[in-house]
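Structure first, then comments.
We did not get these values from a lab; they are worked out from the coordinates using the rules stated. Treat the numbers as computed from the prediction; the structure is a model and nothing was measured. We place every Cβ from the backbone using ideal geometry, glycine too, and count neighbours over all the protein chains shown.
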Amino acid sequence: MTFQSPPGTTALNRSSRRVTLQAALNQVVSQEAHRNELQLSYVRAGVLFISLLLDIAVFLFPQALLGKDHVPPTVVIISTCANLFALGLVVILRQGLSMEALQRWQVIIPIFDNLLLWAFITNIWRVLGETQPLILTNVVAFCSLVAISGGLRLSRRAALLTSLLALVNFAYGAVLFQLNPALALFAGITVLGTGFLGMRMAVIVRRHVKNESGRVLMAQFLPKTVVEAAFESPLDLLQQPQKCQVTIVVTDLRQFTHFAESLEPQAALDFLDRYQGVLATIVERQGGWVDKFMGDGMLAVFGAPDPLENHACSALTAATAMVREVQQISPLAMGIGVHSGPVVAGCLGTVGRLEFTVIGDTVNVAARLEALTKTLGHGLLVSETTQRQAGAFPLRSVGRHSLRGRAQTLELFTLS
């Protein structure tokens, strides 16, 4: 018998998986960028609100605070408008933005911040005049804060734009207050250095996001608990294997080696890719995870390392779905063994090569049951332990049988 995958099916499956994974990684980047921008919006709104209160106080009591008869109302008007705009940004960001929209806002917001800085410098100059050069310490501080804020953005372009605009604002302030050229150069270098630090911060933030993306990617291969332990406390993952009550599902295709002889290597790979992809999807759908693929075989675990309520029923639901769906894509018969019991879940190997897996007699029994399907003529064999735990699952007994390497017999069940 020969087999050919439907034209383009395997490539389509791989492309679909790639698109899905890429979407997940993009989602991580988008969420982190949005979270950082939202935090900046809170800080901006808070600083501007405090500034508004000070501007109102200066406007109402100019003589007491500044020794002047009056202060132009434009100070309060500009500060009020800035606060309204800042609050509007908070509202927009709290509602959430797409990655494309966020990228646009990460260009617009730095421009807004620097326009505010420009207005702040201009207002100080109008109120205090050129005779108050010491206020430039505040100007330098604000320019540096704006410059370094770009580091929290994931876009190198946004960080560079923020730094350059902050430097332009400082140069504007230095001209207005007629700052000594030497002092202006020194302060300008300070602002520029702060901006450079902000750009380096952007690299660190992107690296953090890449780590989060790696976490998403690893979650496609390992249970969530294992991935979290690997990133948060890897030594605990190595030192603390845990005992779990699980249900093990072992599968194998009949005569696959002979079947593969008639196929080109690429066709055999395409077939396995499609076949194992179906099995993995079914396992994940029922709350389990694939411990390993063994050529045309698979070992799936339900209940470790994350506890799974009624893992036996979930495993049997997955096994029956495998029987049904594999018949539609494979010309070969499949054997499935299902057994429940204790295992130890943990890492095996050396520092150079580690593998998270489950070990125990439960795994061996499931593998023996799968092998026994060849001689008993049933595609699915379930141990009495799993049958008892699964409750009212529709199974029928096929009698007691001995397993290779075990003295005691075990009552086995198959689908009704």
Label-to-label distance, nm, for residues given as Val323 and Val344 (7 Å Cα→Cβ offset): 3.4 nm
Using Cα-only point scatterers and the Debye equation, what is log10 of I(q)/I(0) for segment 240-415 at each q in 0.08, 0.11, 0.19 Å⁻¹, rounded to two decimals? -0.24, -0.45, -1.27
How many nm is it between the label spots at Thr375 and Phe85, if each spot is 7 Å from the Cα in line with the beta carbon? 8.2 nm
Neighbour net charge for Gln286 - beta-carbon separation under 15 angstrom, K R +1, D E -1: -3
From the phi angles alone, apply the Karplus equation (6.51, -1.76, 1.60; θ = phi - 60°) to segment 66-81 and give each ³J(HN,Hα) in whole Hz, x where the residue is Gly or Pro. 10, x, 10, 5, 7, 10, x, x, 4, 4, 6, 4, 5, 5, 5, 4
15 Å beta-carbon shell around Gly195, net charge (K/R +1, D/E -1): +3
Which whole-Hz couplings ³J(HN,Hα) result when phi for each residue of segment 338-344 is put into the Karplus expression 6.51 cos²θ - 1.76 cosθ + 1.60, θ = phi - 60°, listed in order with x for Gly and Pro? 10, 8, 10, x, x, 9, 10
By how many nm would the segment from Phe196 to Ala182 lengthen if fully extended, with 0.36 nm per residue of separation less the alpha-carbon distance? 2.9 nm
FRET efficiency for Leu415 and Gln31, Cβ-Cβ distance as r, R0 = 60 Å, nearest 0.05? 0.85
Can you compute the modelled spin-label distance between Glu100 and Val175, with each label point 7 Å from Cα toward Cβ, in nm? 3.9 nm
If each residue of separation counts as 0.36 nm, what is the full-extension length gain between Leu115 and Arg396 once their alpha-carbon separation is subtracted? 93.5 nm
Solvent-free Debye scattering, log10 I(q)/I(0), computed from the Cα coordinates of segment 318-416 at q = 0.12, 0.23 Å⁻¹: -0.46, -1.20
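Within the set of other residues whose C-beta is less than 13 Å from the C-beta of Ser163, count the net charge using Lys and Arg as +1 and Asp and Glu as -1.
Net of charged neighbours comes to +3.
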